[in-house]
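**Student:** Have a look at the structure that comes next, please.
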Amino acid sequence: QVQLVESGGGLVQPGGSLRLSCAASRSIFSSYDMGWYRQAPGKERELVAKITTVGRTDYGDSVKGPITISRDNAKNTVYLKMNSMNPKDKAVYYCHATSVYKRRNKSWGQGTQVPVSS
């Protein structure tokens, strides 16, 4: 497994932008598919965005605004940028990693709170 540490969470105003980073404890190049998930109060955890080892991306059906997921394998880091945030985007955001060689090896970050209010 890989250890993950999120950063960049905090209060975001409606219409503002969110920028999150997730640093991995080991190399993620050609080893881990990465993703961002979120969980709002009273709701199930849902996919925000994911990116494979070769850079293929996918975004959650619940995400409506502009969003970008990217990775820097040299820095063992995955990023998430969301623009035009609204109160419905308020949630705890989690970084996720899945080994491409051992699919049972999955890791979650500790989560970072993202309140959205004026």
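**Student:** Of L47, L11, L20, which has the most accessible area and how do the rest follow, probe 1.4 Å?
**Tutor:** From most exposed to least exposed: L11, L47, L20.
**Student:** Right, another one. If eta is 1.002 mPa s and T is 20 °C, what Stokes-Einstein diffusion coefficient results for the chain, Kirkwood Rh from Cα pairs, in µm²/s?
**Tutor:** 152 µm²/s
**Student:** While we're on this one: Round to a whole angstrom and tell me the spacing of the C-alpha centers of the stretch 90-118 and the stretch 31-46.
**Tutor:** 5 Å
**Student:** Moving to a separate point now. So, with a 1.4 angstrom probe, what is the percent of accessible area on the chain that is carbon and sulfur?
**Tutor:** Accessible surface attributable to carbon and sulfur in the chain totals 46 percent.
**Student:** Any lysines with Cα under 30 Å of the K43 Cα? List them, leaving off those in the same chain fewer than 8 positions away.
**Tutor:** Output for K43: K64, K81, K88, K90, K102, K106.
**Student:** Quick check for you: with a 1.4 Å probe and neighbouring chains kept, what is the accessible area per residue of the chain, in Å²?
**Tutor:** Each residue of the chain exposes 57 Å² on average to a 1.4 Å probe.
The values are calculated or read from the model by the stated rules, or taken from the named source; none is laboratory data. Not measured: the values here are computed from a predicted model. Note: accessible area is taken over every heavy atom of the protein model, side chains too, but ligands, DNA and RNA are not part of it. Shrake-Rupley method; radii C 1.70, N 1.55, O 1.52, S 1.80 Å.
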